[in-house]
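The values are calculated or read from the model by the stated rules, or taken from the named source; none is laboratory data. Note that the structure is predicted; figures quoted are calculated from it, not measured. Cβ placement follows ideal geometry from the backbone for every residue including glycine, while neighbour counts extend to all protein chains displayed.
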Amino acid sequence: MPQRPPSSLVPGLAPWLLAWLLCLLAGCAAPGPGAALPPGLLADEQFKAPAEAPDASDLFTMSESMRDFLRQKVQHPARRKGEAQALLDALNAGGRMRLDYDASRTRTAAQAFADGQGNCLSLLVMAAALARELGLQVSFYSAQVEDTWVQDGGLLMASGHVNLGLGTPISTPRGLRNEMLVDFLPAEQLRGLVLTPITLASVEALYMNNRAVEALRTGALDTAYAWARAALLRHGTQPHALNTLGVVYQRKGLWVLAEAVFAHLLAGQPERSALYRHALSNQVQVLQAQGRIEAARALRLHLARLDPDSALQRYQAKLERLRDAAGPTTH
């Protein structure tokens, strides 16, 4: 069940604009890892295996320098203020460790610690690994935030948001208790934030999906497919990885497969959900590419009726106005 955040918030560690491919929204609740991926949606024969197989087994692995950090900067103050507060003080802006935001790639916990930077997911994973080493109970949440849209070459990408709870989550009519929430948004953006618990497997799948998106940004379709495939095998019908898989097929010109993936994704999402609208927009593009103009137009009208003033609709309308103003171009 979605819940309001507790009063114990630690905002300001870093902003998160975690880039997701095309109409992707990250961090929402998803089916558990036991859900099986339907047959016929993977197409291994269409892609070359990457030189390095996708692997998230070291995502939360601690390095010796991370253990040294806990011994030197956290263990002593923890005797006075508790492990959770001591850890957050050490990580917080202006604390003992400088953390910078970097969206160029998604790092493991050890990589983010060594570099002193990462995107939101990388920093969350690093904080979770440190907390687990201290014996703290760790919980993961997705947060409902307004979509932010940016264009990167031929890709239209949306941001999403996740955060971390330290301590024992207890559901009460007033929200979560006995839990300290670590967040990477400015304090003013945290008011009224609605949280949905997600599983460890979901976080691992989100990491894999991020890697797939990053590969897509460079045009490495074989690598992108491998990471999206790994995310789905790890977390069954993880919806964001399904959307990424559909876009991989779309970029490779595998229109029938792309349409099947988006259709499956749409069938499992509520019409009012952000992910449904995003997948529907992707399906419109697939139908247009196949010359099925009337079918694409019908879906586009349905999308406009669902949310005529969405961030996606406004962004796409802005791009269309800019293209109209620029006039025809030659290549």
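A few points about this structure:
- Candidates in the range 227-237 are the residues that are touching a helix residue (DSSP H, G or I) at 6+ places or on another chain (Cβ under 6 Å) and in a helix (DSSP H, G or I); of these, the one that is surrounded by the most Cβ atoms within 10 Å (Cβ to Cβ) is 228.
- Residue list for the range 246-260, filter: under 19 Å from residue 276 (Cβ atoms) and out of contact with any Leu (no Cβ under 6 Å at 6 or more places or on another chain): 246, 250, 258, 259, 260
- Here residue 72 clears all of (1) at pLDDT 50 or above; (2) crowded, with 18+ Cβ neighbours inside 10 Å; (3) more than 20 Å from residue 217 (Cβ to Cβ) except the condition numbered (2).
- Residue count for the range 200-231, restricted to those that are at pLDDT below 95, more than 21 Å from residue 112 (Cβ to Cβ) and not small (Gly, Ala, Ser): 1
- Contact annotation: residue pairs with Cβ atoms under 6 Å, 6 or more positions apart or on different chains, pairing a residue in the range 104-132 that is part of a helix (DSSP H, G or I) with a partner that is among the hydroxyl-bearing types (Ser, Thr, Tyr) and surrounded by fewer than 24 Cβ atoms within 10 Å (Cβ to Cβ), are 110/61; 110/63.
- Meets criteria (touching a residue at least 40 places away in the same chain (Cβ under 8 Å) and surrounded by fewer than 23 Cβ atoms within 10 Å (Cβ to Cβ)) for residue 266: no
- Test: residue in the range 238-252 that is modelled with pLDDT of 90 or more, surrounded by fewer than 21 Cβ atoms within 10 Å (Cβ to Cβ) and not hydroxyl-bearing (Ser, Thr, Tyr): yes
- Residue tally, condition outside any helix (DSSP H, G or I) and out of contact with any strand residue (DSSP E or B) (no Cβ under 8 Å at 6 or more places or on another chain), over the range 192-226: 4
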